[in-house]
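Only one structure is covered here, and it is reproduced in the block below.
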Amino acid sequence: MLGPTVIKNLTALNPLYSSSPTFVIAIYNLGTMFAEADSFPRSKFGNIMHSYPNMSIPGSGSEDDLYVRYSRASTSGPAYEAHRTSLEGSPITMSPWNQTTSFMKPSTPISDNDVPANSLIGSLTREEGHIYSLAATKDLLYTGSDSKNIRVWKNLKEFTGFKSNSGLVKAIVISGEKIFTGHQDGKIRVWKISPKDPSIYKRAGTLPTLKDVLKSSIKPSNYVEVKHKRALWIKHADAVTCLSLNVEQGLLYSASWDRTFKVWRISDSKCLESIRAHDDAVNSVVSIMSGMVFTGSADGTVKVWKREQQRKGAKHVLSQTLLQQDSAVTALAINTQGSVLYCGSSDGLVNFWEVEKQLSHGGVLKGHKQAVLCLEATENLMFSGSADKNICVWRKDGNIHTCLSVLTGHMGPVKCLAVEKNQESRSEQRWIVYSGSLDNSVKAWSVAEFAQIRATNKNQQHACFEFDSVSAPFASDETACSTSSSSQSRWH
């Protein structure tokens, strides 16, 4: 039970909630929050709100909540109704605990016979702050927020979780039985699943390891200048923004606001390299089997790095700069075949390059009014989440990308995405798309890869926006872009 002091503090955060009939429910839910622990069991009261997709939730009032660094040269930062306040609307409709309709709470895997194509399956809400990171594997979903908790969900139900104790969770990647999390405090933490109980996660270490830190700190040559201060080269001096795995080579890549990306050997948690890659924060890093690594930065550039063998071992060297622009690069993604690289920017555009054609520029996708914050890609589909609160679903056919549908329902910027193949689907290829938002919720969507095409051809309203031939300031003389004949509706 929460004491009067806590209740008073909650009322001070938003006075309207104290007059709302749902305030008592809110206090009850908050009273069941997990205590400080590395691992904790599933809540017996099941504080999971399967929310109505269009319910009102107080939006973020600060641009800083996006937690993506934008270049000072950029004139196209996020603008997602920053003027909106939590006082708009009635206390009942604005309450995050309000449910205007009943939602199914699936206890079994979703079948393609249960839901129509491109539809919302459900929403997961825990009042623990904004959702900054997602990772999905098999039937498990991992969510990271600024509460420092990593929640684990199974079939849209809370399964378990674990606490990091410091640093909000900005990135999550999974390698077998290991889970790597990147944090605002510049640390990378490693977690392992208990072999005796899959609901128990224990911290297995931190990158860099304490042993390596102590060993490196002895030599003055191991210190570098980072933001006007001395720091060990094996440690990130600012927030870890992104993690990327190269399973074939046993490597983990980490990007940071300290303008570097680092290379880690998974087997012994050793930092192999630290590359000063950009002139501003590195917002994204992705790697592919061939050894190429792509980095995107707030300085407006996308760079290509190749891993080459040298006398003292393999080193990453700069191969080329794909993009130079004023707008910050906010997200990168590579499709599952490793054939197409996508780049999202603070100006709302998505550029793409064809890896198999010597990284020739393929075009520019225009589907968002505000900054693109996250990207995910399968073999033929690409998903873009934006500060405009929407998710665009794009299908690649050759060099042509068609915006097949727009997934709407979030009340805040879409900060992260995760995509998993729906193994229960029998009649057609389906994907489960998870989206995390600064509205404190995670939504799960069912997306049918081929049913969308039939729906788009039958009804033009399913197409997003027309693609114009847009010139972009590339390092080469390439310009955009192919136009899809099935996507002809303009902005309204």
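The values are calculated or read from the model by the stated rules, or taken from the named source; none is laboratory data. Note that the structure is a prediction, hence the values are computed from the model and not measured. Note: ideal-geometry Cβ built from the backbone for every residue, glycine included; neighbour counts use all protein chains shown. For accessibility, only protein heavy atoms count, side chains too; no ligands or nucleic acids. Shrake-Rupley method; radii C 1.70, N 1.55, O 1.52, S 1.80 Å.
For VAL433, indicate whether it is modelled with pLDDT under 95, part of a strand (DSSP E or B), open to solvent by less than 40 Å² (accessible area, probe 1.4 Å) and within 19 Å of LEU156 (Cβ to Cβ).
Here the answer is no, as VAL433 does not meet what is asked.
On the basis of being assigned to a strand (DSSP E or B), within 20 Å of GLU248 (Cβ to Cβ) and in contact with a helix residue (DSSP H, G or I) (Cβ under 9 Å, 6 or more places away or on another chain), does LEU341 make the cut?
yes
From the list LYS421, LYS369, LYS415, which residue is in contact with a strand residue (DSSP E or B) (Cβ under 8 Å, 6 or more places away or on another chain) and either modelled with pLDDT under 95 or at positive phi (or both)?
Values: LYS369 fails: either modelled with pLDDT under 95 or at positive phi (or both); LYS415 fails: either modelled with pLDDT under 95 or at positive phi (or both).
Sole residue among the options that is in contact with a strand residue (DSSP E or B) (Cβ under 8 Å, 6 or more places away or on another chain) and either modelled with pLDDT under 95 or at positive phi (or both): LYS421.
Tell me whether segment 405-427 contains one or more residues that are under 23 Å from VAL282 (Cβ atoms), of a type outside the set (Phe, Trp, Tyr) and in contact with a His (Cβ under 6 Å, 6 or more places away or on another chain).
no
Conditions tested, residue by residue: (1) assigned to a loop (DSSP other than H, G, I, E, B); (2) touching a Cys at 6+ places or on another chain (Cβ under 8 Å); (3) crowded, with 19+ Cβ neighbours inside 10 Å; (4) in contact (Cβ under 8 Å) with a residue 40 or more places away in the chain.
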| site | (1), (2), (3), (4) |
| --- | --- |
| THR143 | no, no, yes, yes |
| SER166 | yes, no, no, no |
| ALA171 | no, yes, yes, yes |
| ASP185 | yes, no, no, yes |
| ARG189 | no, no, yes, no |
| SER199 | yes, no, no, yes |
| ALA204 | no, no, no, no |
| LYS211 | no, no, no, no |
| LEU214 | no, no, no, no |
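When LEU156 is evaluated against the numbered criteria (1) in contact with a Gly (Cβ under 6 Å, 6 or more places away or on another chain); (2) without any contact (Cβ under 8 Å) to a residue 60 or more places away in the chain; (3) over 30 Å from HIS278 (Cβ atoms), which criterion, by number, is the only one it fails?
All conditions pass for LEU156, except number (2).
Identify all residues within segment 305-328 that are open to solvent by less than 10 Å² (accessible area, probe 1.4 Å) and under 15 Å from ARG259 (Cα atoms); write none if there are none.
ALA328
Residue by residue through segment 233-291, note down the ones that are outside any loop (DSSP other than H, G, I, E, B), without any contact (Cβ under 8 Å) to a residue 60 or more places away in the chain and of a type in the set (A, V, I, L, M).
Within segment 233-291, LEU251, ALA255, VAL263, LEU272, ILE275, VAL282, VAL285, VAL286 meet the criteria.
Evaluate segment 235-250: report whether one residue or more is on the phi > 0 side of the Ramachandran plot and surrounded by fewer than 19 Cβ atoms within 10 Å (Cβ to Cβ).
Among the residues of segment 235-250, at least one is on the phi > 0 side of the Ramachandran plot and surrounded by fewer than 19 Cβ atoms within 10 Å (Cβ to Cβ), which makes the answer yes.
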